[in-house]
1. Sort out which residues of region C:29-49 are in contact (Cβ under 8 Å) with a residue 40 or more places away in the chain and either within 14 Å of C:Leu109 (Cβ to Cβ) or more than 26 Å from the chain's Cα centre (by Cα) (or both), and write them in order of number.
2. Restrict the check to region C:254-268 and report whether at least one residue is under 14 Å from C:Ser215 (Cα atoms), in contact with a Lys or Arg (Cβ under 9 Å, 6 or more places away or on another chain) and surrounded by 22 or more Cβ atoms within 10 Å (Cβ to Cβ).
3. What's the number of the condition C:Ile276 fails, among (1) in contact with a helix residue (DSSP H, G or I) (Cβ under 7 Å, 6 or more places away or on another chain); (2) closer than 27 Å to C:Phe388 by Cβ?
4. Does region C:218-238 hold any residues that are within 14 Å of chain B (Cβ to nearest Cβ) and over 30 Å from B:Leu111 (Cα atoms), and which are they?
5. Could you say which residue among A:Ile276, A:Ile256, A:Ile272 is modelled with pLDDT of 80 or more, more than 27 Å from A:Gly38 (Cα to Cα), surrounded by fewer than 18 Cβ atoms within 10 Å (Cβ to Cβ) and not charged (D, E, K, R)?
6. Only one residue in A:Ser228, A:Ser251 is loosely packed, with under 15 Cβ neighbours inside 10 Å, among the small types (Gly, Ala, Ser), under 21 Å from A:Ile10 (Cβ atoms) and in contact (Cβ under 8 Å) with a residue 60 or more places away in the chain. Which one?
7. So, C:Val336, is that one in contact (Cβ under 8 Å) with a residue 24 or more places away in the chain, assigned to a helix (DSSP H, G or I), at negative phi and surrounded by fewer than 24 Cβ atoms within 10 Å (Cβ to Cβ) or not?
8. C:Leu104 passes all but one of (1) within 13 Å of chain B (Cβ to nearest Cβ); (2) hydrophobic (A, V, I, L, M, F, W, C); (3) out of contact with any Leu (no Cβ under 7 Å at 6 or more places or on another chain); which number fails?
Amino acid sequence: MGLTFLQGIISIIVIMALAPLFAGMVNKQKAILTGRIGAPVLQPYYELIRLFKKETINAGTSSFISRISPLINLVSMIVAAAMLPVGFWKPIISFNGDIILFAYILGLARFFQILAAMDIGSSFEGMGAAREATFALFAEPIFFFTIGSISFISGYNSLFDIYHSIQLNNVSYEVFIIVCSISVFMLAVTECSRMPVDDPNTHLELTMIHEVMILDNSGIDLFLYQYSSYIKLFIYALLEISFFYPFSQKSNSVGILIFITGSVALTFVLGIVETITSRYRMKNIPQYLLFATAIGILNLLIYTFTK
Amino acid sequence: MENVLSILFCLSLFYVVVTSRVKAYVTVLRFQGIILSVLLVIPFIYNFSIFGIILPATLLLVKVFLIPGYINKVILDLDIKRRIEPPIQQMIFLPLVIATMIIVFLASSILSKITELDVIPFASGFSAIIIGIYLIIFRRKLIIHVCGFLILENGIFLFGTAVASELPMMIELGTLLDIFVVVFLMGIALNRIRGTFAGFEATHLGRLKD
Amino acid sequence: MLEFSIFILIPLASAGLCYLIKNLRVQYAISLFVSTIHLGLSLAVFLGLHHTLLPTFFGVDSLSKFFILILSNVYFWVVLVSYSYLKRPVMPRAEEGKRFYFMLLNFYLAANSAAMLSSHFGMYWVAAEATTLSVAPLIYFYRNEESLEAMWKYLFLVSIGIAFAFIGILLLTLSAKGTSLAGGQLFFWEFIRKAGQLNPIWLKASFVFIFVGLSTKIGIAPMHSGDIDATSNAPSPIAALMSGSLRLTALLGVLRIFQIIRPTSSFEFAKTLLIIGALLSLFVAFVFMFRVNNYKRLLAYSSVEHLGLISLGLGIGGLAFVGALYHAIYNSITKVVLFLMAGNIHSRFKSREVDKIRSVLNVLPKTGWLFILAFMAISGIPPLGIFFSEIKIFEGILFSDKPYLLAVVMFFLLFIFVNMGKIIFTMLYKKGDDDKLQSGVEKFELTHFVAIVLLILLVAIAVAAPDKVNLNIIDIAKDFGVKL
């Protein structure tokens, strides 16, 4: 009990510590692929530190929602991170049905972010909030169809158990994993406002989704938002990487190794995808999300009828 | 292994439905051609024979190189607009396709209780047939109609492997030749349509009526 | 091997020759020679003078003997008139179409013979698709917008239809799973012999797919539209060929699966489906005869009507079945005459609109009178063939378990006759206001000769009722288990 708990604590710390590094690596890859030198890998840390030192100024029209929302955001992210396995270590929060909690704790964070954006009363941020809400509507089914279908097949409904039921020596399972990882990847891209859906680097009001919502935040609030968005990216990355653990052999060193190589490989993939794709037009995004949902449904179909 | 390939086939069908670029259809046709020829090669991995490899090789040649290459050439020659004008039903189309697939999978799993059959290739093949017809109905560009027809044919091929019907090689080659000639004639017709009508959309073909 | 080469290889070879030789007259001579020996051989086979030995995937039975004779009869006359037809002046754009005309005709003969003689579903499919491919460029003979559109639609619809038929064939394999037929070849005769073992659900599905798919080619409603467009825009000899033989090729495929389904419990289902298709076709012909404004489309709808009658006879069974087979002969012969005469009218008046054609009897007296005779033949006026076959079909319906269908059919036929007659007599008798065309004498052309010969043949078969034809039809009926 004691050791498992310790391992869980270490997992959360690892996730929280490495999340900005992951984002930094993605940005570096992207810079290199587009022929630039790019910011250093540790740049997200510097930025966080810089933000941390600054003073917070809130808009005059804002209420208490704007003040509690950044903190709720970060806390929810940490709770969500506490449900994911790093290597073969059992996460702290792991019980039957925690996939639902996982989905809705992320939903809670989004809810408060949208609320805070509307609270400020700026029309820009209201627009961003509307977009975020619309796309969340399409993104949620992806999660449930994909993770739900794995849960359905394995017969477990806790993230940790689900991942542990995956057996890579079964050929059908392998394809299933590939298909699942495609839709989880698409989900990650949407939820974390990455390239084909939203461009994190531009500040163009016409197209921004996530960036526009935190336009009026500064100092500690902005720090909290930024940090939680880094953690969110890393959470989805973990969701993706966890598919590829060789769960049949449970050795901690292999787990750590896969964790590291998986993360690095994923930064490559994200970097490449962000380099070769261009942002979709706003009206095409629901279709993109529906495509990912379709893949999830296909998963469910296939495994309902082959069992 | 058949299941794996059929799932990839289904993924390509989804892609066809959401994409708005004409070139993507050609890529999907190539991809499906590769899947089908791999499907045919599988039985020969363990007992290799020169005779058995003729059909997969021809299939690969026709469905991956000749037909998509020809369609590409038609697109280039005729300077067909690269984007499909987004029809109104685009948002309805994908849910429709998903619903169709669910129904097909359900139906074939019910039917598999009567006769023994591989549900996944069977249902994927049948979905491809229906999606091919959807493409012909819902899209206006004639070149997409041709692609829809080819997807339908690919679906039939997959369907054929699912019901494990073994036609003699002569006849399989004959069907391939027929399909190629159909596409060839359609290409020529498209070429003439450019010279005769104003565009390549089905709405231009409305002269014959009572 | 000799018969195989005459039926299939020599037409193929002559198609190749026609591609190489540029001279139209030589092409014509070659094609005529090929069609003559083809006709000779199929006549010999039909009369039982010659016993055939065909390679695998091919075979001769009473049904294919019968159909191949109809094919080579129609084909022979069509080739005979083709040269004079090509000599007529056309738009300069259409000149290039002439180069491939005979090549495609020969290819069509090879493909169609292969389809009719095939004893294997796969072979039948390949050959039937090849007939579509050979006919499609011929539809585009005139190189104008209408014919281009017709070709595109025909090629597309029929290719999809044939693809559906292929699904039907695959489902047939599925129905054989778990029986002694499983894993074997798709030979007709094997399936017919062991039909009882087949799984009824898949067999029904297979029949639906094959029937619906091939009805694009047969021209049975509601899949008839591509066929109508193609027949009405193709040059007249090709239209005659399509109405007279290509539709029957597709019908053969339906007949094969019908023969397989006969001893099983799904037979009633198949019969019902055929009857529904037939009644729909009659209904479509009935409706469109009111509003059709193009005499070639009129004839195409008439084809839909008669193929509908044939499938009605097949669906009813008994005497109607025999009548339907007779109807197939008579219809194919009459359609050739009608389309050739329509071609003569078209090349004189340069229009297919009924409104622009007036007083044909004055301008083109020979064509006009033959057209009237052929019209009478197609509407079932005695002693011209169709009367006898229709009487047999009606009698069959009357003594079947569905006598009430006769009333419906009679109602449709009456109105089809009235409307068709109205249009045709307006064309023939009504005085036009254009005096330029009123120049009396018409030369006696080859087409007139062919029309006369065919009309005489029509009467001769009906009145003399050759034993061989009758016996053969009885044989087919026996193969189908029809009680007479």
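The values are calculated or read from the model by the stated rules, or taken from the named source; none is laboratory data. Predicted model, so just to flag it, every value in this text is computed and none were measured. Neighbour counts run over all protein chains shown; Cβ positions are idealised from the backbone, glycine included.
1. Restricting attention to region C:29-49, the residues satisfying the condition of being in contact (Cβ under 8 Å) with a residue 40 or more places away in the chain are C:30-32, C:34-36, C:38, C:45-48.
Within region C:29-49, C:Ile30, C:Ser31, C:Leu32, C:Val34, C:Ser35, C:Thr36, C:His38 qualify.
2. Yes - at least one qualifying residue is present in region C:254-268.
3. (1)
4. Taking region C:218-238 as the starting set, the residues that turn out to be within 14 Å of chain B (Cβ to nearest Cβ) are C:221, C:223-234.
If the condition is that a residue be within 14 Å of chain B (Cβ to nearest Cβ) and over 30 Å from B:Leu111 (Cα atoms), then C:His224, C:Ser225, C:Gly226, C:Asp227, C:Ile228, C:Asp229, C:Ala230, C:Thr231, C:Ser232, C:Asn233, C:Ala234 are the ones that fit.
5. On the way: A:Ile276 fails: more than 27 Å from A:Gly38 (Cα to Cα); A:Ile272 fails: more than 27 Å from A:Gly38 (Cα to Cα).
Matching residue, one of A:Ile276, A:Ile256, A:Ile272: A:Ile256.
6. Among A:Ser228, A:Ser251, only A:Ser251 is loosely packed, with under 15 Cβ neighbours inside 10 Å, among the small types (Gly, Ala, Ser), under 21 Å from A:Ile10 (Cβ atoms) and in contact (Cβ under 8 Å) with a residue 60 or more places away in the chain.
7. Details: in contact (Cβ under 8 Å) with a residue 24 or more places away in the chain: yes; assigned to a helix (DSSP H, G or I): yes; at negative phi: yes; surrounded by fewer than 24 Cβ atoms within 10 Å (Cβ to Cβ): no.
The answer is no for C:Val336.
8. The one condition C:Leu104 does not meet is (3).
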